[in-house]
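The values are calculated or read from the model by the stated rules, or taken from the named source; none is laboratory data. The structure displayed is predicted, hence computed values, not measured ones. Virtual Cβ from ideal backbone geometry, glycine too; neighbours counted across all protein chains shown. Just the protein is used for accessible areas: all its heavy atoms, side chains included, with ligands, DNA and RNA removed. Shrake-Rupley method; radii C 1.70, N 1.55, O 1.52, S 1.80 Å.
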Amino acid sequence: MSEEGRTYRRRTQLVHAGRDPAAQHGFVNTPTYRGSTVLSPTVAHLKSREGYVYGTNGTPTTTALETAWTELSGAAGTVLLPSGLAAVSIALLSMVKAGDDILVTDSVYRPTRNFCANVLARLGVTTRYYDPLIGAGIAELIQPSTSVIFTEAPGSQSFEMQDIPAIAAAAHARGICLMMDNTWATPLFFPPHERGVDLAIEAGTKYLSGHSDLLLGLVSANAEYFPRLRATFDAMSPCAGPEDVFLALRGLRTMELRLREAERQGLALARWLQARPEVLRVLHPALPDDPGHAIWKRDFSGSSGLFSVVLKPVAQARVEAMLDSLKLFGMGYSWGGFESLVIPFDCTTYRTATTWTPGGPTLRFQIGLEDMADLQDDLTKGFAHLRG
Ligand SMILES: *Cc1c(COP(=O)(O)O)cnc(C)c1O
């Protein structure tokens, strides 16, 4: 947001972006507009299609969040979708045609693979997976039919860092669209478009929500690609739910505070886990000994509260006994809420371009806002069950 040509700093943007109290009778927040029909006062206005036209094209509530996200992301425009996965699929659908091939990181969010295999393949689009550590070497994989390079950093579950600026340079040298699933860092810790990303995807379900009570996806795009994204959105109208958009706007105002606390809590628990005798490795790019740390430090300004742990080899039944015993770490998918979570995972079963050999059972942790000592006590008891 700029006032008399001045751009406000991040914290101020988060408070003001997308708000127009004067248009809401002075109320601080834009309310939840619900509606299909929008009435026009005259035939001339009806035909002009100016302003709000119909519910699928947007409401003041969706405009508020789109505007705010565009500003925070440094984008030209944003579309809102009913889930993070819908954001992935609409982003991809807007940039491919039959006969194309796309390059997707082997560390991608697993349902993204499912979309490529079950929908893009049927439409005549081939997916090739690449090593997330490929960096500038991606240039060698580009073919004349390549239309999209899809990145995610750090990798889902496995947390490898990708050299996004190097991949962006290779993509743009050949006129290819670079996409990134930026859900982990959010635009607050990784400004996607400034780093060369053309389309940035965010599962608003996670940190934008912050409360595990909504589903939302956002795709922001730079000026070159936004018109195609918006046209695809308008042709399909996969509209986000009005209540979810309202709640996301509420979450936005405190997002930086929650993210900074998630970072602090996450690093504290990651370091504590590193010192446990049952733990082989902690996969967290903000830890100085992580293989992706140099890239993280160069390109990111923070880390969130999601990371993984490799346990020393132990029977699967013991891992299950540990997880079943935990009281404060819920077992469930998704993350970014106020509560701590843990899930076991196994990348070895579905990777195709790389072999993942972690060296032991793997767990993914989401660290919430509980007292750290209580979280550590819960895990200390859990480790007793792991040892049997
Ligand atoms: C959760 C997640 C998504 C999908 O978001 P949903 O709203 O759950 O569909 C996409 N990408 C990443 C990296 C995620 O963690």
Could you tell me which residue out of LEU280, GLY330, LEU259 lies farthest along the dipole of region 229-388 toward its positive end? Charges go on the beta carbon: Lys and Arg +1, Asp and Glu -1, centred on the Cα centre. LEU280
Can you bin every Cα-Cα distance in the chain into 10 Å intervals starting at zero and give me the percent of pairs per bin, rounded to whole numbers? 5, 22, 31, 24, 13, 4, 1, 0
Say the dipole of region 34-116 comes from +1 at the beta carbon of Lys and Arg and -1 at that of Asp and Glu; which of THR63, SER36, GLY77 then lies farthest toward its positive end? SER36
Subtracting the Cα-Cα distance from 0.36 nm times the residue separation, let me have the gained length for LYS381 to MET236 in nm, one decimal. 47.2 nm
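Give a quick list of GluC sites (Glu not before Pro) in region 42-74 that DSSP marks as loop, anything other than H, G, I, E or B, with at most 16 other Cβ atoms within 10 Å. Working shown, then result.
Values: sites: GLU50, GLU66, GLU71; in loops: GLU50.
Here the sparse-neighbourhood loop sites are GLU50.
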Magnitude of the Cβ-charge dipole (Lys and Arg +1, Asp and Glu -1) of region 3-252 about the Cα centre, nearest 20 debye, reported as 420
Taking the Cα atoms of region 31-149 alone, what are Rg (to one decimal) and Dmax (as a whole number) in Å? 19.2, 59
Cβ neighbours within 10 Å, averaged per peptide: list 31-43, 79-91, 9-21 in order, most packed at the top. 79-91, 9-21, 31-43
Cut-off 13 Å, label 7 Å out along Cα→Cβ of ARG318, residues of region 346-388 by amide N: 360-361, 383-388
Give the lysines whose C-alpha is closer than 27 Å to that of LYS381, dropping any in the same chain fewer than 8 places away, or say none. LYS312, LYS327
Solvent exposure of region 3-252 as accessible area per residue, Å², 1.4 Å probe: 42
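Could you grab the relative contact order for the chain? Cα pairs under 8 Å, six or more apart, rounded to a whole percent.
On the way: 759 pairs, mean separation 63.2, N = 388.
Value for the chain: 16 percent.
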Sort 156-162, 316-322 by the packing proxy (mean of other Cβ within 10 Å over each peptide's residues), most packed first. 156-162, 316-322
Figure the gain on full extension for ARG253 and ASP20 (residue separation times 0.36 nm, minus the Cα-Cα span) and round it to one decimal in nm. 82.5 nm
Rounded to the nearest 0.05, what FRET efficiency is calculated for ALA139 and LEU280 with R0 set to 30 Å and r the Cβ-Cβ distance? 0.30
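Once you charge only the Cβ atoms, +1 for Lys and Arg and -1 for Asp and Glu, what is the size of the charge dipole of region 256-387 about its Cα centre, to the nearest 20 debye?
Values: 15 positive and 16 negative charges, 83 e Å.
Using Cβ point charges on Lys, Arg, Asp and Glu, region 256-387 gives about 400 debye.
So what's the net charge close to GLY84: Lys and Arg +1, Asp and Glu -1, counting the other residues with Cβ under 9 Å from its Cβ? Please list the in-between numbers first.
Numbers: positive: LYS206; negative: ASP181, GLU202.
Residues near GLY84 contribute -1 overall.
Report, to the nearest whole %, how much of the accessible area of region 3-252 belongs to carbon and sulfur atoms, 1.4 Å probe, protein only. Could the numbers behind the result be given before it?
Working: 5790 of 10520 Å².
For region 3-252, the apolar C and S fraction of the accessible surface comes to 55 percent.
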Taking all protein chains in place and a 1.4 Å probe, what share, in percent, of the accessible surface of region 256-387 do carbon and sulfur account for? 56
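Averaged per residue, what accessible area in Å² does region 275-388 show with a 1.4 Å probe, protein chains only? Provide the component values of the computation, followed by the final result.
Working: 5140 Å² over 114 residues.
Computed with neighbouring chains in place, this is 45 Å² per residue.
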